[in-house]
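Q: Dropping the structure in here first, questions after.
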Amino acid sequence: MNKAKKKELIGKGSELEPTVHIGKEGLTDGVVEEVRAQVKRARLVKVRVLPNAALPADEVAAELAERSGSVVVDVRGFTVLLCDPRSAR
């Protein structure tokens, strides 16, 4: 993903509210399926990693992207922005 595309996606993501929250139970199969469905439908999804989650946000982002077939756009604090691989081009 080039810098211009990343900047564009981050700009769009700043307007979104988190639609998936990851808590102390971590990345369950249900959470992964929900993210996969939302990425397919909306192309850009914001995920909130709650402070009591078992893993740090950057590790959650990497594992969630791998398991859901999405691409990590940005990780800031406890917020992860994911997009569809076709949108990252």
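Q: Could you work out how much longer the chain between Glu59 and His21 gets when fully extended? Use 0.36 nm per residue separation minus the Cα distance between them, nm to one decimal. Don't jump to the answer; show the numbers that get you there.
A: Details: separation 38, 0.36 × 38 = 13.68 nm, distance 1.49 nm.
In short, 12.2 nm is gained.
Q: Let me ask something else. Given the options Asp58, Asp74, Asp29, which has the most mean-square fluctuation in a GNM of the chain, springs set between C-alpha atoms less than 10 angstrom apart?
A: Of Asp58, Asp74, Asp29, the Gaussian network model singles out Asp29 as fluctuating most.
Q: Quick one: accessible area per residue over the chain, 1.4 Å probe, rounded to a whole number of Å²?
A: Result: 60 Å² of accessible area for each residue.
Q: Oh, and also: For the chain, what does the helix formula give at 222 nm: sum of -39500 (n - 2.57) over DSSP H segments with n ≥ 4, over the residue count, nearest 500 deg cm²/dmol?
A: Only helices count here, giving -13500 deg cm²/dmol.
Q: Charges only on Cβ, +1 for Lys and Arg, -1 for Asp and Glu: so what's the dipole of the chain about the Cα centre, in debye to the nearest 20?
A: In debye, rounded to 20, the chain gives about 540.
Q: Hey, what did region 8-89 get for relative contact order, percent, Cα under 8 Å, at least 6 apart?
A: Dividing the mean separation by the residue count of region 8-89 yields 32 percent.
Q: Still on this model: On a 0 to 90° scale, report how tilted helix 29-42 is relative to the longest principal axis of the chain, with both axes built from alpha carbons and the result rounded to the nearest 10.
A: 20 degrees
Q: Now for a different question. Can you give me the C-alpha center-to-center distance between region 1-28 and region 34-89, rounded to a whole angstrom?
A: A separation of 6 Å, based on Cα centres.
Q: Under 16 Å Cα-Cα from Lys7, which lysines qualify once same-chain neighbours fewer than 8 residues away are excluded?
A: Lys46
Q: Take the eigenvalues of the Cα gyration tensor for the chain, scale each by 5, and report the square roots as semi-axes in whole Å, largest first.
A: For the chain, the ellipsoid semi-axes come out as 20, 14, 11 Å.
Q: For a protection proxy built on the mean count of beta-carbon atoms within 10 angstrom, sort 4-13, 34-43 highest first, please.
A: Working: 4-13: 14.3, 34-43: 16.3.
Descending mean neighbour count gives 34-43, 4-13.
The values are calculated or read from the model by the stated rules, or taken from the named source; none is laboratory data. Given the structure is predicted, the values throughout are model-derived calculations rather than measurements. Note that we place each Cβ from the backbone using ideal geometry, even for glycine, and neighbour counts take in every protein chain shown. To get the accessible areas, we keep the full protein, side chains included, count just its heavy atoms, and leave off ligands, DNA and RNA. Shrake-Rupley method; radii C 1.70, N 1.55, O 1.52, S 1.80 Å.
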